[in-house]
Structure formats: structure tokens, C-alpha cells
Amino acid sequence: AQSVTQPDIHITVSEGASLELRCNYSYGATPYLFWYVQSPGQGLQLLLKYFSGDTLVQGIKGFEAEFKRSQSSFNLRKPSVHWSDAAEYFCALHGETSGSRLTFGEGTQLTVNP
Amino acid sequence: DTGVSQNPRHKITKRGQNVTFRCDPISEHNRLYWYRQTLGQGPEFLTYFQNEAQLEKSRLLSDRFSAERPKGSFSTLEIQRTEQGDSAMYLCASSLGGISPEAFFGQGTRLTVV
């Protein structure tokens, strides 16, 4: 069985502050990992992905994520948050043994204070 | 690049009625997925097509749900005899598959069953 856990349901940061959203996964091998962002009433936009190789991956909008096999984690980071980053963030896993489905975490809602 | 297109964006229906949603994937993508997302949750996998073949179905997809992808292009998701529990956002995604498993999502169809 595979699963994704996002321990923080809601995070509030001030504009300009740094951000780290946590993601832990359970899977028997190295999965493909993704971060998506969703604005209210909208679909999901792909921020970044990890397949293999360099464990620090860069994405759009200034986001990056680091894959840590020893911790089964794939945390999302941004050095300076903008008000427009307020949204819900989903971590997702795609495993070779899971067919082609993505397994999502429950999401982290990000609020940005001015 | 027109992205993944879903219609309608919103649907309100009375309990017991049938509804049908349409998804137009990115044109060169041969894989198409349907997910369901309820409030405060991450998307849950429903079904997946490789070209016109429906290769995987979740146990969430009861016998009231049917999906088709004729000719491997657009897809439809039909829900018969809708129930209030069917109220959710229905998301469609497409991907190239193979070495590019990342999925690109449409804006979703918000279904409300009254």
C-alpha cells in the first residue's frame, strides 16, 4: 500500500517570510513525487516533480523541494512568500506498482498575512 | 497549448437525475484520468484510460458511474441516479505516460446534488 501524509492542515506565514510545507510518503521503492497547488474553485497546477537524480528540485514560482529517502520526505520550500502564494498545496506520489494513479495527501492550506 | 478542458464548470442537479461531464485532454496525451475531490480532501482516483481502453477503476467507482473515451480523444463521465453524496469536484487530468508520468489537470466540474 502507498500513502502520502501532509501533517499540517493549515499554515499561516507573513508575506516575505520563508515557507516549508511537509510531505511524508510510504512506498516500497523510490516513487515519483509531485507538488501541486490549487486556488479556490480551480484545478491543480503542477509546481514541481521528482523522478530521480538530484534530490533538490526546482519548480515554478520560486518553489523548490528536497527528496530525502532516509526520512521518506519531500518537503516544499520557498525562501520568501508572496501574498499570491495563498492557496492549497498537495503532495502526490506515483508508484510503478500503483498503475498510473496519483495518490494525494490531504493538502495544506496556506494563508499569507500582509 | 489549450491545456485540459472540462465542461461544464458547474452543475446543479436534483437527486435521482443523471449527469454527464466532458473532458478534453491535451491533444498529444494518451493517458486520461478522472479524480474526485470533496471539500478539504485531496483528489481521489476514480479511473484511467490509455487511449480508448479503460485500464483501471477504483472501487470508489460504483455501478452508477460510467466513463468512456471513444476514439481515445475526449472522455465523458456519467453518474446515474445521483445522490447527495456525489456532490464533489470532478477533476480530469491527462499525461503522456511512460517516462513523463506527470499529470496535468483541468479546472474541474463542481457537482452539487440537491
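Every number here is computed from the coordinates shown, using simple stated rules; none is lab data. As the structure is a computational prediction, the values presented were derived from the model and not from experiment. Neighbour counts are summed over all protein chains in view; Cβ atoms, including those assigned to glycine, are modelled from backbone coordinates with ideal geometry.
Some points to look at:
- Look at the stretch B:36-44: the mean tally of other chain Cβ atoms within 10 Å of its residues' Cβ atoms is 5.
- Most mobile listed residue (B:26, B:79, B:12) in chain B, GNM with C-alpha springs under 10 Å: B:12
- Here the 3J(HN,Hα) profile of the range B:105-113, calculated from phi with Karplus coefficients 6.51, -1.76 and 1.60 at θ = phi - 60°, is 9, x, 6, x, 10, 8, 9, 10, 9 Hz, Gly and Pro shown as x.
- Lysine pairs within the protein assembly as shown, Cα separation less than 29 Å, 8 or more sequence positions apart or different chains: 10
- In the protein assembly as shown, Rg over Rh equals 0.97, where Rg is the alpha-carbon radius of gyration and Rh the Kirkwood radius from pairwise Cα distances.
- Distance from the range A:1-72 to the range B:58-82 (C-alpha centre basis), Å: 30
- Other residues within the sphere of radius under 9 Å centred on the Cβ of residue A:19, judged by their own Cβ, net out at 0 (K and R +1, D and E -1).
- Distance cut-off 18 Å, percentage of C-alpha pairs in chain A lying past it: 46
- Label point 7 Å beyond Cα of residue B:15 along Cβ direction - residues of the range B:72-95 with amide nitrogen under 11 Å: B:82-86
- For chain B, the share of DSSP beta bridges that are antiparallel, to the nearest 5, is 90%.
- q = 0.13, 0.20 Å⁻¹, chain B: log10 I(q)/I(0) [Debye, one scatterer per Cα]: -0.44, -1.04
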